[in-house]
Amino acid sequence: MTASSNSLATVDPCATVDTVDARFLQTLLGFNARMAALKAIAAFLACMAPYKLRIVDFSILSIVHHNPGVTSRQLCDALNLLPPNLVGKISALEKRGLLLRHPHPQDGRALGLHLTEAGCALMQEVEPLVSEQEARIASALTASERQTLMRLLLKVYAAN
């Protein structure tokens, strides 16, 4: 008898589930991180929909906003993006008038990324909105718990 036929023999076709038991999944970092991420992503997308910003767009603009002149290579490293995926994103943000590429002053092969006036204005408007939305998502946590959570998550993904 195989494992699958053995488990079929013990199945009660009339069984019902009133409360789903997810205790094992709730012991897994990946599961808990994903569930929290789904909640955060849904709220972010709703908050940024009027601005037509997806998470990656916002992340690129935020890095450039706080690091004028950052190169594509640095951006890829900071956001864990592959260079071919970044090229189209940068072009799209450039077409929207939010981002400019300028020759890098020290590396003639590289281009520094800079926000336009419109890009700066957009980030000054949306970064506080994102911070407020994040605070709402984390409202079940104390400030200390939120700091601990952020520190531990950074520790997990920075370790590898």
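In table form, for the structure just shown:
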read-out	value
Overall dimensions of region 15-75 as given by Cα atoms, namely Rg and Dmax in Å	18.1, 62
Proximal aspartates and glutamates relative to LYS95, as straight alpha-carbon distance under 16 Å, when same-chain residues fewer than 8 apart are discounted	ASP57, GLU117
Contour excess over end-to-end distance, with Cα ends at SER144 and ALA22 and 0.36 nm allotted per residue	41.2 nm
CD proxy at 222 nm, helix term only [per DSSP H run n ≥ 4: -39500 (n - 2.57); per residue of the chain; nearest 500]	-19500 deg cm²/dmol
Candidate lysines for bridging to LYS89, where Cα separation is under 16 Å - those fewer than 8 sequence places away on the same chain excluded	LYS52
Student exercise, the chain dipole from Lys, Arg, Asp, Glu Cβ charges, in Debye to nearest 20	360
Candidate aspartates and glutamates for bridging to LYS39, where Cα separation is under 13 Å - those fewer than 8 sequence places away on the same chain excluded	GLU134
Net length gained if the chain between HIS102 and GLN74 were fully extended (0.36 nm per residue, minus Cα distance)	8.6 nm
Length-normalised contact order for region 23-158 - Cα pairs under 8 Å, 6+ apart - percent	23
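Here, each number is a calculation from the coordinates, and none is a lab measurement. All values derive from a computational prediction rather than experimental measurement. Here Cβ is always computed from backbone atoms with ideal geometry, including for glycine, and neighbour counts include all displayed protein chains.
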